[in-house]
Structures are given as C-alpha cells and as structure tokens.
Amino acid sequence: QAKKSGKHQCVLFNQVIYEEFARKMQLIEALKEAIPQQQLSLHYQPIFRLSNLHCEKLEALLRWQHPQLGMIPPDVFIPIAEEHNFIIALGEWVFAQIIQDLQQIQQQFGKVEICINISSLQFAHPASLEQFLVTLNAQHIPGEQFCFEITERLLLDSSVNTMAMLNNLHHAGIKLAIDDFGTGYSSLAYLHKFMIDYVKIDKSFISSLTENEKNQALCKTMIYMGNQLNIKLIAEGVETQDQETLLKQMGCHYSQGYLRAKPHPLIAVKESLIQQD
Ligand code: C2E
Ligand code: MG
Ligand code: MG
Ligand code: MG
C-alpha cells in the first residue's frame, strides 16, 4: 500500500516538475516577443517623506501583460530575463520609457525623484548604463532626478568595473539605494564605502513590525546607523497605519506601501493620491 502511494507521489512529483519546466519554456519564448509586441508597461509607486507626507519619489515598476498568459509578475519574469540574456534589453526599454514619461511626470509632480530597479547584470554589461548617462547629457536632463535601486549582492561581488560605474553614476548626480535591505549579507557600516544615499528596509521586516520586537530592534538599529552614516531609510511594504506610526516614531525617513499608494500607470498615479486625502 505504502509502496503504491509512494510511486503515485513520484509520478505526481515528476508531473509537477514537468509542468513547471514547460511553463518556464513557454515564458522564455513569450518574453522574446514582449518588447516587439508592446506588451511591457511601467507602473509608478509613490514614496512619501514621513515628516510631511509629501510624495518625493516614484519607483518605476515593470509590468508584462501577455495576451494569453495574462499579467506575469516581475518576480517571475525578471529572474527568467536575467537567466536568458533579456535583462539588458528590458533595462534599456525601461530607461527609454522613463525618459519618454519624464515631461509628464514633471508636469504632474514637479520635482520628484524617479527610482529605477537595476539588475546586477546591467553592471556586468555596462554599455546600457553608459548609454543612459550619454542620453541624459545630450538631453540636458539632470542626473539628480534619478535614483538607481541596486542590491547588496552587487556590492559584495563588486569588481573594479562595478566600482568605477558606481562612481560615474554618483558623479552624474544619480542617487543610489540598496533595495530589499536585510535579506542579504552586508551591514550598513560596509555600505558606507559605496556612496549609498538610501537603504530600503525589506518588506519582510515591515509586515510583522508591530508584533515582532526583534524586527523593531533591527529597524531601529538600521535607522540609527543610517543617521550616523548619512544614509536615509525607506521602509517598503508599509500596509497599516500602525506600521507607519511606529516607523515615524523610530525616525524612519520615507515610507512606500499600499497604505498610502499602490503602483499605478502614470496617468492614474496623481489621481490615486488625490482620492486619498
Ligand atoms: P522591489 O524593487 O522590492 O519593489 C517593491 C515591490 O513591492 C513591488 O512589487 C511593489 O508592487 C510591491 N509593494 C509595494 N508596496 C507594497 C505593499 O504595501 N505590500 C506588498 N505586499 N507589496 C508591496 P512588484 O512590482 O511585483 O516588483 C517585484 C520586484 O521585481 C521588484 O521588487 C524588483 O526587484 C523587480 N522589478 C520590478 N521592476 C523592475 C525593473 O524595471 N527592473 C528590474 N531589474 N527589476 C524590476
Ligand atoms: Mg525596488
Ligand atoms: Mg524593494
Ligand atoms: Mg522587494
């Protein structure tokens, strides 16, 4: 009996693996068409300064709507794009779209910083980052309008070339943020070497913040050390008023999350803010 059901489970397991594999192959094929078929778009999510609740930044978040497969989340397709050499093209598409959106963003929000997620692979093949800097220069767009969100891993593995590129970005006025901080291995003291402007506390710390004293202690420490090192903290995934109140009490500088604003297409971002207050 046991043997029988064991075998059965094994068949099921193989089938699950096979289906996952087939699904992934399907996504790889589909992803090749995403740019030419105009299936990509950007959503923007406001980030608020906690002291006055002004929307000071917008994070650009990539969306992929496939006609048959539906909306595929970036947590699914970004890793596939990284594995199969599409990430550079996606990154270039994001840059181009943001430059195109810039005027409309300024009309609606005035001076606002645009936060762009950058894959570590874009630093390994830096031509598109260099091209972005050239474009800013040519169009007289100040680098100060942008913030690049990078990962702790990039700094840990940083090569001479990565260091040089981080320097170039810094000199162009582009701010640097560490995304998903706390999920990797680095410490804030270590970050200080890299001219980092912001650290984004990963949402896994925020979701249980009010009940979990350990996470509170961690957040307090991050904020304290940030203050010592002139690095500002952004809490991501803030969903409740209690979380926000606590973060403000702790001295956290910025808040991003569904409590105040979800990501929306550019035309709807401003309206979603107005409806709020
Ligand atoms: P991320 O950079 O950490 O972005 C924050 C994610 O948290 C976004 O998910 C956002 O929609 C979500 N979020 C914001 N507020 C809340 C909240 O209150 N609660 C919860 N549960 N979630 C919240 P999204 O848009 O699905 O993006 C997932 C990840 O995909 C991003 O995480 C980022 O790592 C990556 N990604 C998105 N766009 C790009 C891109 O243009 N380039 C690259 N390289 N990666 C991107
Ligand atoms: Mg991000
Ligand atoms: Mg993040
Ligand atoms: Mg994240």
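The values are calculated or read from the model by the stated rules, or taken from the named source; none is laboratory data. It should be emphasised that the depicted structure is a prediction, and the values quoted were computed from it without experimental measurement. Quick reminder, even Gly has a Cβ in these numbers, built from the backbone with ideal geometry, and neighbours come from all protein chains shown. In case anyone asks, the SASA skips ligands and DNA or RNA and just uses the protein heavy atoms, side chains included. Shrake-Rupley method; radii C 1.70, N 1.55, O 1.52, S 1.80 Å.
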query = Among the residues of segment 10-31, is any within 16 Å of ligand 1 (Cβ to nearest atom), acidic (Asp, Glu) and over 30 Å from Glu144 (Cα atoms)?
reply = no
ask   = Which of the residues spanning segment 227-251 are without any contact (Cβ under 8 Å) to a residue 40 or more places away in the chain and more than 16 Å from ligand 3 (Cβ to nearest atom)?
value = Asn227, Gln228, Asn230, Thr240, Gln241, Asp242, Thr245, Leu246, Gln249, Met250, Gly251
query = What pairs come up if the first residue lies in segment 107-128 and is over 19 Å from Trp93 (Cα atoms) and in contact (Cβ under 8 Å) with a residue 12 or more places away in the chain, the second is aliphatic (A, V, I, L, M) and within 16 Å of ligand 3 (Cβ to nearest atom), and their beta carbons are under 6 Å apart, counting only those six or more places apart or on different chains?
reply = Val112/Leu58
ask   = Tally time: how many residues in segment 152-168 are among the acidic types (Asp, Glu) and either farther than 24 Å from Asn215 by Cα or part of a strand (DSSP E or B) (or both)?
value = 1
query = Tell me, which residue of segment 122-151 that is in a loop (DSSP other than H, G, I, E, B), of a type outside the set (A, V, I, L, M) and more than 16 Å from ligand 3 (Cβ to nearest atom) is surrounded by the fewest Cβ atoms within 10 Å (Cβ to Cβ)?
reply = His140
note = Listed by range, strands (runs of 3 or more DSSP E) wholly within segment 1-105 having at least 2 residues that are open to solvent by less than 70 Å² (accessible area, probe 1.4 Å) and within 16 Å of ligand 4 (Cβ to nearest atom) are 40-49, 55-66
message = Can you find, within segment 227-242, the residue that is least open to solvent (accessible area, probe 1.4 Å) among those that are under 14 Å from Phe48 (Cα atoms) and out of contact with any helix residue (DSSP H, G or I) (no Cβ under 6 Å at 6 or more places or on another chain)?
response = Ile234
request  = Identify the residue in segment 169-182 that is open to solvent by 30 Å² or more (accessible area, probe 1.4 Å) and in a loop (DSSP other than H, G, I, E, B) and, among all such residues, is nearest to ligand 4 (Cβ to nearest atom).
outcome  = Gly182
message = Going by what's in this entry, would Gln216 be described as touching a residue at least 12 places away in the same chain (Cβ under 8 Å), within 14 Å of ligand 1 (Cβ to nearest atom), open to solvent by 10 Å² or more (accessible area, probe 1.4 Å) and touching a Leu at 6+ places or on another chain (Cβ under 8 Å)?
response = no
note = Pairing a residue in segment 57-84 that is under 13 Å from Glu33 (Cα atoms) with any residue that is in a helix (DSSP H, G or I) and within 10 Å of ligand 1 (Cβ to nearest atom), where Cβ atoms lie under 6 Å and the two sit 6 or more apart in sequence or on different chains, gives Trp64/Phe77; Ala81/Ile87; Ala81/Leu90
